[in-house]
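Asks: Here it is, the structure, as structure tokens.
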Amino acid sequence: MSEKHEALLNPQQALLSGETKGTQAAIYARTSSTSQRFGYSLDEQVRQCVSRCRMLEWDIVYVFRDEAKSGKDTDRPMFQQMLTQAEKGAFDVVVFWKLDRFSRSIMHAVQLEKKFRDWNVALHSVTEQIDTTTAAGRFNFRNIANAAEFERELIKQRTKMGHTALAMEHKWPNSTPPLGYEKASNGRLSVVGGESALVRWIFETYLEECSMPVVAQLLNQRGQTTKDGNSWKSNTVGTILRNKLYAGTYNVGKVREEVPEYQILSQEKFNAVTSTRRRFQTTNPSERPSMSRPRKRSRIQNVLNRYFDFQDRQ
């Protein structure tokens, strides 16, 4: 590595000696959410990086900003652009506020450090002493990266423990409960009359028709929509039919318990639907009943409509 690159990692000495004048720097900043608190915001990260570059008399040639992007891997739009420019030799050093803004995975951090070293590009942290030019410096770099990874694992562990605690109280883990329920202020579910009646209708109709596409077609003909306002499809009907919560079985994380107040239909009816869904799993596919005439007509009409739409666009 050149003397200029070796000086990049010792800001005070470089400033006094003037060895790094003319160094071209790229700033990288990242937040993990749009509501990142002040001190971690994109603007504040960039401001501190710019201040450091001016102190060292480095020329800022790029500023890469990734907002609301996870640092666990490198699948970030601006980060990828930075890698492309680094490989082209477009700058001499990457400046970031803190290593966990650059990468929160030790595996990726170490791999990236090797890539940048091969490209003759140094890494510089505003708040940490990172020196990737010597064996001792690389050892220190790995320790810092390892601490960032450890912090991330602790966050994951605390989050998992929080979800388990919620599940032990039979609370719903997110803001979108299944069709037939609403989430109360205490986090538990309550059965919604109109939606629960629709759930029962879906199960009963499936037992009569023995076809998810037919049930979806009937729901759409009735003007019914899914909980998020979309039209019904075979897979959305299947999601309803497979949900054991309707029979009162609460299954979240590692907690699996019977919760009678969550029950919308009998266990017998749920078992009957499950048996019907699995009726062809061990039999000859040739024994599958033929498609109903209404469904055949609908499928043919859909094909024709797509054909004529294509012809009209030509």
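The values are calculated or read from the model by the stated rules, or taken from the named source; none is laboratory data. Note that the structure is predicted; figures quoted are calculated from it, not measured. Because the Cβ atoms are built from the backbone with ideal geometry, glycine has one as well, and the counts that use them run over all protein chains shown.
Asks: Just a yes or no: is a residue in the range 183-198 surrounded by 16 or more Cβ atoms within 10 Å (Cβ to Cβ), in contact (Cβ under 8 Å) with a residue 12 or more places away in the chain and under 28 Å from PHE280 (Cα atoms)?
Replies: yes
Asks: In addition: Would the range 98-107 turn up any residue that is more than 26 Å from GLU67 (Cβ to Cβ) and in the same structural domain as PHE64 (by TED's automatic domain parsing)? Walk me through how you get there before you give the answer.
Replies: Taking the range 98-107 and keeping what is more than 26 Å from GLU67 (Cβ to Cβ), we get none.
No, the range 98-107 contains no residue that is more than 26 Å from GLU67 (Cβ to Cβ) and in the same structural domain as PHE64 (by TED's automatic domain parsing).
Asks: Regarding the range 166-177, can at least one residue be identified that is part of a helix (DSSP H, G or I), under 30 Å from VAL255 (Cβ atoms), touching a strand residue (DSSP E or B) at 6+ places or on another chain (Cβ under 7 Å) and modelled with pLDDT of 80 or more? I'd like the intermediate steps shown before the answer.
Replies: As a first pass, look at the range 166-177 and keep what is part of a helix (DSSP H, G or I): 166-168.
From what is left, the residues that are under 30 Å from VAL255 (Cβ atoms) are 166-168.
Checking which are touching a strand residue (DSSP E or B) at 6+ places or on another chain (Cβ under 7 Å) leaves us with 167-168.
Still in the running and modelled with pLDDT of 80 or more: 167-168.
Yes - at least one qualifying residue is present in the range 166-177.
Asks: Residue check: is GLU153 assigned to a helix (DSSP H, G or I) and either over 23 Å from THR23 (Cβ atoms) or at pLDDT 85 or above (or both)?
Replies: On the way: assigned to a helix (DSSP H, G or I): yes; either over 23 Å from THR23 (Cβ atoms) or at pLDDT 85 or above (or both): yes.
Here the answer is yes, as GLU153 does meet what is asked.
Asks: Related question: Count, please, the residues in the range 130-176 that happen to be in contact with a helix residue (DSSP H, G or I) (Cβ under 9 Å, 6 or more places away or on another chain) and touching a residue at least 12 places away in the same chain (Cβ under 8 Å).
Replies: Pass one, the range 130-176, residues in contact with a helix residue (DSSP H, G or I) (Cβ under 9 Å, 6 or more places away or on another chain): 130-134, 138, 141-142, 144-152, 170-173.
From the residues that got through so far, the ones that are touching a residue at least 12 places away in the same chain (Cβ under 8 Å) too are 130-133, 138, 141-142, 144-146, 148-149, 151-152, 170-173.
Here the count works out to 18.
Asks: Another question, if that's okay. Here is a list: ILE240, ILE264. Which entry is in contact with a Ser or Thr (Cβ under 6 Å, 6 or more places away or on another chain) and crowded, with 18+ Cβ neighbours inside 10 Å?
Replies: Values: ILE240 fails: in contact with a Ser or Thr (Cβ under 6 Å, 6 or more places away or on another chain).
Unique residue meeting the criteria: ILE264.
Asks: Within the range 164-185, identify whether any single residue is charged (D, E, K, R) and closer than 20 Å to ASP228 by Cα, and answer yes or no.
Replies: First, pick out the residues of the range 164-185 that are charged (D, E, K, R): 169, 171, 182-183.
Keeping just the survivors that are closer than 20 Å to ASP228 by Cα gives 182-183.
Scanning the range 164-185, I find at least one residue that is charged (D, E, K, R) and closer than 20 Å to ASP228 by Cα, so the answer is yes.
Asks: When you scan the range 147-159, how many residues do you find that are of a type in the set (D, E, K, R) and under 16 Å from the mean Cα position of the chain (by Cα)? So that I can check it myself, show each step before the final result.
Replies: Here is the first cut: in the range 147-159, the ones of a type in the set (D, E, K, R) are 149, 151-153, 156, 158.
Subset that is under 16 Å from the mean Cα position of the chain (by Cα): 152, 156.
The number of residues fulfilling the criteria is 2.
Asks: Would you mention how many residues in the range 228-254 are of a type in the set (A, V, I, L, M, F, W, C) and either touching an Asp or Glu at 6+ places or on another chain (Cβ under 7 Å) or farther than 17 Å from LEU198 by Cα (or both)?
Replies: Quick first cut of the range 228-254, residues of a type in the set (A, V, I, L, M, F, W, C) only: 232, 237, 240-241, 245, 247, 252.
Remaining after also requiring either touching an Asp or Glu at 6+ places or on another chain (Cβ under 7 Å) or farther than 17 Å from LEU198 by Cα (or both): 252.
Total satisfying the criteria: 1.
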